[in-house]
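The next block holds one structure in the form of structure tokens; read it before the comments.
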Amino acid sequence: MRSATVVLTWDDVQVHPIDDLFARDDDLTVEAIRYVSPVHEGMYVELLELRGNLERARTLLEASPDAVEFDVVGSDGRGVVYLQCRTAGLVDELLSLLHEHELVLDWPMQYIDIGDSRGLQLTVLGTDGAIRTAASELPDGIHLRLERLGEYRPSAGRLSSMLTDRQLELFELAVQEGYYEVPRETTHRELAGALGIATGTVSEHLQRIEAKLVSGYLG
């Protein structure tokens, strides 16, 4: 069985209606789509990982015609939205494409920052042929960047199965240069210089890496 981790970016299309709703608010961000499933009569049930003002999220969802029923749980600016909605936007098209080619999605789908825009990182499992065919049939306006392709490794405790190649490269460099020593022996700026990326990008990547490692340890 093969595993492919990809990042999807898009032109001016609606990827997910609730993400678009929150994206227009400076106090809210959808960090990940933990689960989406059609249920009945054109309805969907979803779990979304949210960062920001949870009360503001409730207010926006109450006013949204797409949100039929919802619950927001969490604290300290982080939460999970349980949502019944009338549309899943382009995400539903992606799930239909995976179903058509008998591919399995390894949840969650993670939003990542790419410059001034956003992308959606996901991992699918299946045969080489099915993965390549599905990639060639993406809807118009969707662009794919391959992060990793190889044999599926079910051990979620291994770093290589939890992090993208770029994240793994940064994490290994950070350990090598003493970033996690006490006191620290390197800085975000020095790591950024070694990899040729922006200092802010290093900070964002390290936060995501640490969140994945803690989540993997606790889960």
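The values are calculated or read from the model by the stated rules, or taken from the named source; none is laboratory data. In this text, all values refer to a predicted model and were calculated from it rather than measured experimentally. Reconstructed Cβ throughout: ideal geometry from the backbone, glycine too, with neighbour counts over all protein chains shown. The accessibility values were calculated without ligands, DNA or RNA, using every heavy atom of the protein model including side chains. Shrake-Rupley method; radii C 1.70, N 1.55, O 1.52, S 1.80 Å.
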Could you give the accessible area per residue of the chain, probe 1.4 Å, as a whole number in Å²?
55
Leaving out ligands, DNA and RNA, what percent of the accessible area of the chain is carbon and sulfur, probe 1.4 Å?
48
Rounded to the nearest 500, what is the 222 nm mean residue ellipticity of the chain from helices alone, with -39500 (n - 2.57) per DSSP H run of 4+ residues and division by all residues?
-11000 deg cm²/dmol
Magnitude of the charge dipole, segment 1-119, Cβ model with Lys/Arg +1 and Asp/Glu -1, debye to 20
260
If you build the convex hull over the alpha carbons only and average its shadow over all orientations, what do you get for the chain? Give it in nm² to one decimal.
13.3
Once the dipole of segment 1-109 is set up with Lys and Arg at +1 and Asp and Glu at -1 on Cβ about the Cα centre, which of Leu48, Ile18, Leu60 lies farthest towards its positive end?
Leu48
Could you pull out every whole DSSP H run in the chain that spans at least 27 Å of Cα extent along its own axis and averages -0.5 or higher on the Kyte-Doolittle scale?
199-218
Find the relative contact order for the chain and round it to a whole percent, using C-alpha pairs within less than 8 Å whose residues are 6+ positions apart.
23
So for segment 1-51, Kirkwood radius off the Cα pairs, Stokes-Einstein at 20 °C and 1.002 mPa s: how many µm² s⁻¹?
164
Determine, for each peptide in 189-198, 126-135, 84-93, the mean count of other beta carbons within 10 angstrom over its residues, then list the peptides with the highest first.
84-93, 126-135, 189-198
